[in-house]
Amino acid sequence: MSEEIREEAQVRPRALEQLDLPKPMSYWRQVWWRFSKDKIGLASAGIIVIVVLLSALAPWISPYATDYGPVGNRLANPFSEGHILGTDEQGRDMVTRLLHGGRNSLIAGVMPVFIAFTIGTLVGIIAGFAGSNLNTLIMRIVDIFYAFPAILLAIAIAGALGPGLSNTLIALSVVYTPRVIRIAESVTVQAKGFDFVEAARASGASDIHIIRSHILPNVLSPVLVYNSTLVSISILAAAGLGFLGLGISAPHAEWGRMLNDLRQSIYVNTWVPILPGVAIFITAMAFNLVSDAVRDAMDVRL
């Protein structure tokens, strides 16, 4: 009987070794695995990659000059000879204008969110971790910015600074940073009350070590999810500033400004004026769907 038990004990580990049991995944691997299962999110991410590549390679793949075209060929219909998407009100090729406009539109839409993420996360963590009077001071300043509607505040700042890409970045960054600060501060206040933070403080760890090793990893996930939702909003806001003449100055291409320049031409040529709007819609929608997929993917229960 003892020999049978010994043989069975030897067989069981071998059988367990042969089983294809899944290995536990880290948090970010779980996020990627969940995101890869979202077909709509993957398709939207593919659209974003295509738009980014086409915009980045615009100087090399554009068929014509971006700021010059024969006036005699103005408002040519799509699929006309030499112009697959037609020409604008000055005879400039629409493919070229859309490619170069995409570069400026993406910069104006994505960079403010990145700036707000960097500054807002840092200031929010400092406010939440320090507490006391510093927290009160920072959050009351944030409340002042919340008193104004976001788009109206962006228009006011851009109008005061004047048109230009740099001023658009400043205006949108000022609008979005207080919102990121509030998210980061709220999460930091929750995180610093966790037991492992108290244990690290009791063990003599410095504040910088606690923030870097314990607070920051807990703050990044919700802040990243929130910032992913801001990208599509920022692209629409940048296009709105361009449409109002507060964005990039002529003759540089930008989708919002192109809409403004072509709005009077809609009675002459219906298809060409809507192309910048279609580009804005597709890009903003793709970023919005990706942000939804990222939010769902990062909602992992450990």
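Output the number of residues of region 191-209 satisfying the condition of being assigned to a helix (DSSP H, G or I) and either touching a residue at least 12 places away in the same chain (Cβ under 8 Å) or under 16 Å from Val123 (Cα atoms) (or both). Give the derivation first.
From region 191-209, those assigned to a helix (DSSP H, G or I) are 191, 195-202, 207-209; that's our starting set.
Those still in the list that are either touching a residue at least 12 places away in the same chain (Cβ under 8 Å) or under 16 Å from Val123 (Cα atoms) (or both) too: 191, 196-197, 200, 207-208.
Residues meeting the conditions: 6.
Please indicate, with yes or no, whether at least one residue in region 261-270 is open to solvent by 60 Å² or more (accessible area, probe 1.4 Å) and in contact with a Ser or Thr (Cβ under 9 Å, 6 or more places away or on another chain). No: region 261-270 contains no residue that is open to solvent by 60 Å² or more (accessible area, probe 1.4 Å) and in contact with a Ser or Thr (Cβ under 9 Å, 6 or more places away or on another chain). Counting the residues of region 146-158 that are open to solvent by less than 80 Å² (accessible area, probe 1.4 Å) and either at pLDDT 90 or above or on the phi > 0 side of the Ramachandran plot (or both) gives 6.
Number of residues in region 260-302 that are farther than 20 Å from Val52 by Cβ and modelled with pLDDT of 90 or more: the value is 1.
Evaluation of Asn133 against the conditions (1) under 24 Å from the mean Cα position of the chain (by Cα); (2) in a helix (DSSP H, G or I) shows that the sole unmet condition is (1). Yes or no: Leu241 part of a helix (DSSP H, G or I), at pLDDT 85 or above, under 30 Å from Leu153 (Cα atoms) and of a type outside the set (Gly, Ala, Ser)? Answer is yes for this residue.
Scanning region 191-204 for residues that are touching a helix residue (DSSP H, G or I) at 6+ places or on another chain (Cβ under 8 Å) and not charged (D, E, K, R), we see that the one that is modelled with the highest pLDDT is Ala191. Anything in region 219-255 that is closer than 21 Å to Ser26 by Cβ and open to solvent by less than 60 Å² (accessible area, probe 1.4 Å)? List them, or say none. Of everything in region 219-255, those that are closer than 21 Å to Ser26 by Cβ and open to solvent by less than 60 Å² (accessible area, probe 1.4 Å) turn out to be Val219, Leu220, Ser221, Pro222, Val223, Val225, Ser228. For region 170-186, does any single residue satisfy the condition of being open to solvent by 70 Å² or more (accessible area, probe 1.4 Å), of a type in the set (D, E, K, R) and either outside any helix (DSSP H, G or I) or in contact (Cβ under 8 Å) with a residue 40 or more places away in the chain (or both)? Checked region 170-186: at least one residue is open to solvent by 70 Å² or more (accessible area, probe 1.4 Å), of a type in the set (D, E, K, R) and either outside any helix (DSSP H, G or I) or in contact (Cβ under 8 Å) with a residue 40 or more places away in the chain (or both). Residue pairs whose Cβ atoms lie under 6 Å apart, separated by 6 or more positions or on different chains, with the first residue in region 102-115 and open to solvent by 60 Å² or more (accessible area, probe 1.4 Å) and the second among the small types (Gly, Ala, Ser), are Arg103/Ser55; Arg103/Ala58.
How many residues, within region 34-53, are farther than 26 Å from His100 by Cβ and among the β-branched types (Val, Ile, Thr)?
From region 34-53, those farther than 26 Å from His100 by Cβ are 34-42; that's our starting set.
Of the ones still in play, those that are also among the β-branched types (Val, Ile, Thr) are 40.
Counting residues in region 34-53 that are farther than 26 Å from His100 by Cβ and among the β-branched types (Val, Ile, Thr) gives 1.
The values are calculated or read from the model by the stated rules, or taken from the named source; none is laboratory data. A quick note: this is a predicted structure, and the numbers were derived from the prediction, not measured. Cβ: placed from backbone, ideal geometry, glycine included. Neighbour counts: every protein chain shown. Remember, those area values only see protein heavy atoms, side chains included, never the ligands or the DNA or RNA. Shrake-Rupley method; radii C 1.70, N 1.55, O 1.52, S 1.80 Å.
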